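Read-outs: derived from the displayed coordinates by stated rules, not from any lab. The shown structure was predicted, so the numbers you read here are calculated from the model rather than taken from an experiment. With ideal geometry, Cβ positions are generated from the backbone for all residues, glycine too; neighbour counts draw on all protein chains shown.
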Amino acid sequence: MTDLQIQILDILRKDCRTSLENMATMLNTSIEDVATNIQSMEEDKIILRYLPIINWDKTDKSYVEAMIEVKVTPQKERGFDALARRIYQFDEVKSLFLMSGQYDLLVLVEAHDLKSLALFVSEKLSTFESVISTSTSFVLKRYKSDGVIFDENDSDRRLVVSP
């Protein structure tokens, strides 16, 4: 990767709506150079998707999010990857990570309601032979996600100066 590509990624990570023109100005390069590098990174699967960060609490959408820690027995000659591939195929799974620590996998899931999420854990996730145990934690409120603060107080934070 070039320094320019890393700088482009940093800009896109902060705001994927930044125009090519603005990026070119910020990076002191041409629009064509920026566009070519972005296209190359998309083709190389470095850039996979452009996603907005949405404050769902300000919408009418109702759903349940949870983080499920999963302890597993790694499969012989396959490690954790084969099981991970099976787990991430489920629609409920939004993210899946191999972790260090007490649990092996961290599964971020989303479901329409609590019952659907419970059925996912009991009828899908925990039925895998190599799953030893799960621990589910529900997201109650989101304060910050991907560097964006939710419901930030917009009040004036300047210090009062008095004579």
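With an 8 Å Cα cut-off and a minimum separation of 6 or more residues, compute the relative contact order for the range 1-74 in percent.
On the way: 26 pairs, mean separation 16.6, N = 74.
Contact order relative to length: 22 percent.
How much length would be gained if the chain were fully extended between TYR50 and GLN102, taking 0.36 nm per residue of separation minus their Cα-Cα distance, in nm to one decimal?
Separation in residues times 0.36 nm, less the Cα-Cα distance, equals 15.5 nm.
Using 0.36 nm times the number of residues separating VAL148 and GLU129, minus their current alpha carbon distance, what extension gain do you get? Present the calculation step by step, with values, prior to reporting the outcome.
Values: separation 19, 0.36 × 19 = 6.84 nm, distance 3.86 nm.
Gain on extension, VAL148 to GLU129, equals 3.0 nm.
Could you give the length gained on full extension between TYR63 and GLN75, defined as 0.36 nm per residue of separation minus the Cα-Cα distance, in nm?
Fully extending the segment from TYR63 to GLN75 adds 1.0 nm.
Using a simple charge model, +1 on the beta-carbon of Lys and Arg, -1 on the beta-carbon of Asp and Glu, nothing else, what dipole does the range 4-137 show about its Cα centre, in debye to the nearest 20?
Once rounded to the nearest 20, the dipole reads 360 debye.
Are there trypsin sites (Lys or Arg not before Pro) in the range 1-32 that DSSP marks as loop and that have at most 13 other Cβ atoms within 10 Å, and which are they?
Values: sites: ARG13, LYS14, ARG17; in loops: ARG17.
Filter output for the range 1-32: ARG17.
Under 19 Å from the 7 Å Cα→Cβ point of LEU119, by amide nitrogen: which residues of the range 50-81?
62-66
At R0 = 22 Å, how high is the FRET efficiency between ASP91 and CYS16 if r is their beta carbon distance? Nearest 0.05 is fine. Before the final figure, lay out the partial values.
Details: r = 24 Å, r/R0 = 1.09.
It comes to 0.35.
Going through the range 59-163, which trypsin sites (Lys or Arg not before Pro) have at most 11 other Cβ atoms within 10 Å and a DSSP loop state?
LYS61, LYS76, LYS141, ARG157, ARG158
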